[in-house]
Every structure is written in structure tokens, then in C-alpha cells.
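The values are calculated or read from the model by the stated rules, or taken from the named source; none is laboratory data. Not measured: the values here are computed from a predicted model. Quick reminder, even Gly has a Cβ in these numbers, built from the backbone with ideal geometry, and neighbours come from all protein chains shown. SASA here: full protein model, heavy atoms, side chains in, ligands and nucleic acids out. Shrake-Rupley method; radii C 1.70, N 1.55, O 1.52, S 1.80 Å.
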Amino acid sequence: MDQNPTAPAPASHISTEPGAGVVPQFAAPPPSRARRRYAVAGTGHRAGMYVAALTGDHADVGELVAWLDPNPARIDYYDAQVGAELGLDGPAGLPRYVPGEPAKMVAEQRVDVVIVTSLDRTHAELVDEALRAGADVVVEKPLTIDADGCRRITKAVADTGRDVVMTFNYRYAPRNSTLRQVIASGAIGEVTSVHFEWALDTVHGADYFRRWHRDKANSGGLLIHKASHHFDLVNWWLADTPAKVYASGALRFYGDRNAAARGMGERPERGTGTHGDPFSLDLRADPRLDALYLQAEQHDGYRRDQDPFAPGVTIEDNMAVLVDYRRGARLSYSLNAHSPWEGYRVTVNGTAGRAELEVVERGFIELDADGNAVLDPSATPLGAHDPLRPEGERLVVQRHWQRPEEVPIPAGIGGHGGGDAILLMDVFRRDLRIGDDPLGRAADYRDGLRAVAVGIAANESLLTGHPVTVDDLGLGTDL
């Protein structure tokens, strides 16, 4: 299940036959093994992947036993889904809890693991309270949004000795794990620098400016919420730790001031009910968004379809970051949230050569006859393909004094570049894995700390205009 229907769904999203060696091997659960009891904290669209997993492929090793969310309509949606999957005549009727009650939920429902898929600013509190109540935690990225949150989680792990799993699904995408294999093989020598460019298009990118992410107090901005994925990849590719960060960024495209400066005129207050505006999202066009958000507004007033050019946007849409790594490599990173196409380019320079990964997830955004953005171009006659920017992925390695060679990328399964389904196996069956993963894809809270450390330092650099040393952030542990 897609976590966000505005994100591209490239070919790897629908693949069902993974390439050789992509999927780890797991033993069957022994008959005596009790299913682990899971609770979901945060029932927005991001929870859908985990709910589907625990009522589908991983129902033999885990079961959902409770919900925690302030909005009853969103709980209703997933509770009905679970009831249908269980073959019940109606909703599952799982117990419900509200913020402030994770300890009560863990105790009353004998919860083994709390899955945290709530607003980013609530992660640290929920992780801390779940650990101290006696449960392990699976937490969606980012781990948290600031240094205080890092310290709180670090202390909770130290005090309880319990487990925190980070769900960095991009590690599991074969294109990214293949690049890690190339680097680890020594084919390009010792890495000296990495350039990483990520382009979000005006459907997916705009979505961060429609919803709660637009307020930096909620998300930490895209340098935390989105880029923690990317910084984790670089940390993992290099098997290294960020040491110093300098950043520059601004809100240059979205927001009311930019709209006024470009003479965009009067804008709709929200996307639902708006026609002929490619920046608007009509929640009624997607049954899941309609149920989770439009039909849930009466309970909390949250609007999932705000105009990205309305007042109140406090995050950046253009960012550039320089990172020094402890072993000497340097990263130059850029993120743009208003590109006409979506994908990324990574260049890794080494003492023996260079590796280049290019990924096009959506080559362009198609408009329908009324001027609305088409979320699923594959359903249209033209599709999403263009000969000048075809969707796809390519990894090229070129050693000094040699011709370039293309490195085959095996197929994955599920969304996020073919990584989601493989990630879920590791999340729910890690204790059944046969042998170690040579790629080291499973991530824990320390990986989460290293990823957000770059974004936290970058946000500090944006404020001060100066480089920030990661050790000076006081994250509660030596990275």
C-alpha cells in the first residue's frame, strides 16, 4: 500500500518477482511461537502499510490489538479494514486510546510493540513512553525533529534496554543497496566525495506544503522529514558518521509571499472542490484520503488539502547542504520541492573511479482536459513515459583509465523503489532471519540519530549562517 498517493508509483512499485539475492531468507515461525501484539500510534495514511502487513503477509507472526490517535474517524477507517480482513461482519472493535495514554494502552492490552506513525513532533514522546511502559518500538522516519527529542529517546533506550527499529525503507530498494555493494567492493576506491540531488515534483513536492508538514514546528522541515531518508542513505553507503554541517535554504516557490510576487492572483482556500488548478488536491478523488481526512475534519479541524500558496508555510522548498564525514569524505546535497519531474541523482567519487546512480520516478506531470494534475498517469492513453526523460534507474561505474560499465540493478517488490515489502519482512520477522544481512539494511535508533543529526545541524546552520559541529548538538550519545 502506498503511504502517499501523490508520490510516484514507478515500475518497481508493482513488481512481484524480486531479483536474485534481493530478499533475505527467513525461517518459518515455530508452532509454539506466540504472535507479537502490536499497537499503532497515529492512524493517518502512513499507518496503512503496517496495518495491511499485519492483516496480510505477516498476520502469522503479529496481530493488531490497539489504536492510539486523537481522531476517532481515522481509527474507524482502519478498524473497519481490520474487521474486513479478519472476515468479521463489521469493524474489528480494537481498543482505542488517545495521546497521553501509551502506558495505559501497553499495560491493558499487553502490547509487545508500538508502531509510531504519528506527527513527527510527537515521535520522541511516544517512543519514550512506550519504551518505559515495557514495549519495543517501530518508528517511521524521522526518529524525531530536534536535539531534545534525540536526548529523550537516547535516555529511554539506555534506561530500559528495549528495542527501537527505524523503518528506513530506501535502504531496501535494490538500486540503493546495489550502490552500497559497489562502494563496499572497493571498485571505485576510497570515497572522497558524494553529490546527491533530489527533485520533488509539483504534485508530490507540493503535498508537503498542503499538510501539517508545512509548519516547521511539526516536521522540522524537509531537511528533517524528507531528507533524513537521504542522509541515512549516505551514512549507510559510506559506513561513516557526519561530523560537520553547513546549510543554506529558503522558501522560494510555495507560500503566500511567493505567490503574490509572481502575480498568481486569488488562490482557493483548499483543494477539495477546486477545478482546473494543478496545485490543488481534491480529497474526494481518492477514497482513502476522503475517509481519513475529509470525513475526519469534524473531529479536529485538520485540513489535508490546504493551498500550498496559503499563509502559514514555515518550511523551506530549496535547500543545499555540505557535510564533512569523520573519515574525510564530503557530501554536497540539494533538495528542490517544485521540480517538473521527480527522482534523484547520486555521484560517488573515489580514489579509483566514480559511480553514478540516476533514478527517474516520474518523468513529467500530466494534466487532464480540465487542467488538473493526474495522480495516476498509467491510467491515461499517454501514460507517464517520455523519450527524453523515461522512468527508470541506471547505475554506471567507471574506473580510472577504463570505459564506463552499467551495473545491473535487480528488481525489488513493493513501493519506494521496490523496498517496502522487503523492509516489512525485516520489521516483523527479524528474529526469524536465516543468517546475517551482508548489506546491513536493518536500522536502529542510532541510525535514526545519525540521519536526523544532519538535518538538525542543517536547521541550526540556517539560523546562524555558520557551520555546525554534530558533536556540539548534544544528542545524548556519541555517534
> Quick one: if you stick a label point 7 Å off each Cα along the C-beta vector at A184 and A250, how many nm between them?
Replying inline: 4.2
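Restricting to Cα atoms and excluding each atom paired with itself, what does the Kirkwood estimate give for region 57-99 in Å? Please report the intermediate quantities before stating the final value.
Working: mean 1/r = 0.0921 Å⁻¹.
Mean inverse Cα-Cα distance, inverted, gives 10.9 Å.
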>> Distance between the C-alpha centers of region 34-66 and region 320-377? Whole Å please.
In response: 32
> Among the helices of the chain (complete DSSP H runs), which have Cα atoms covering no less than 18 Å along the helix axis and a Kyte-Doolittle mean of at least -0.5?
Replying inline: 147-160, 445-464
> Which of the peptides 237-245, 432-440 is most tightly packed, and how do the rest follow, going by the mean number of other Cβ atoms within 10 Å of each residue?
Replying inline: 237-245, 432-440
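Just how large is the dipole of the chain about the Cα centre, in debye to the nearest 20, putting +1 at every Lys and Arg Cβ and -1 at every Asp and Glu Cβ? The partial results should precede the final answer.
On the way: 50 positive and 68 negative charges, 228 e Å.
Dipole magnitude for the chain comes out near 1100 debye.
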>> Which lysines, if any, have their Cα less than 25 Å from the Cα of K104, not counting same-chain residues under 8 positions apart?
In response: K141, K155
> Rounded, prolate or oblate: which fits the chain, taking a ≥ b ≥ c as square roots of the Cα gyration tensor eigenvalues, rounded meaning a/c under 1.5, else prolate when a/b beats b/c?
Replying inline: rounded
>> Using the basic label-point model (7 angstrom from Cα toward the beta carbon), what is the M264 to L322 distance in nanometres?
In response: 3.2
> Rounded, prolate or oblate: which fits region 388-471, taking a ≥ b ≥ c as square roots of the Cα gyration tensor eigenvalues, rounded meaning a/c under 1.5, else prolate when a/b beats b/c?
Replying inline: oblate
> Quick one: Karplus J couplings for region 49-55, per residue in order, coefficients 6.51, -1.76, 1.60, θ = phi - 60°, nearest Hz, x for Gly and Pro?
Replying inline: 4, 6, 4, 4, 5, 7, 10
> Which ³J(HN,Hα) values in Hz, rounded to whole numbers, follow from the phi angles of region 281-286 under the Karplus curve 6.51 cos²θ - 1.76 cosθ + 1.60, where θ = phi - 60° and Gly and Pro get x?
Replying inline: 10, 8, 4, 5, 6, 10
> Where does the chain land at 222 nm, in deg cm²/dmol rounded to the nearest 500, when only DSSP H runs of n ≥ 4 count, each adding -39500 (n - 2.57), divided by all residues?
Replying inline: -8000 deg cm²/dmol
> Sequence-distant or interchain residues sharing an amide H contact under 5 Å with A443, placed H: which?
Replying inline: M166, F168
>> Show me, for region 465-479, the HN-Hα J-couplings you get by feeding each phi into the Karplus relation (A = 6.51, B = -1.76, C = 1.60, θ = phi - 60°), rounded to Hz, glycine and proline as x.
In response: x, 10, x, 10, 7, 4, 4, 6, 6, x, 7, x, 7, 7, 5
>> At 1.4 Å probe size, put S461, S185 in order of accessible surface, largest to smallest.
In response: S185, S461
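Of the listed peptides 113-119, 301-307, what is their order by residue-averaged count of other C-beta atoms within 10 Å, with the highest listed first?
By packing density, highest mean first, the sequence is 113-119, 301-307.
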>> Could you tell me how far the Cα centroid of region 422-479 sits from the Cα centroid of region 170-209, in Å?
In response: 15
>> I'd like the antiparallel share, as a percent to the nearest 5, of DSSP beta bridges with both residues in the chain.
In response: 65
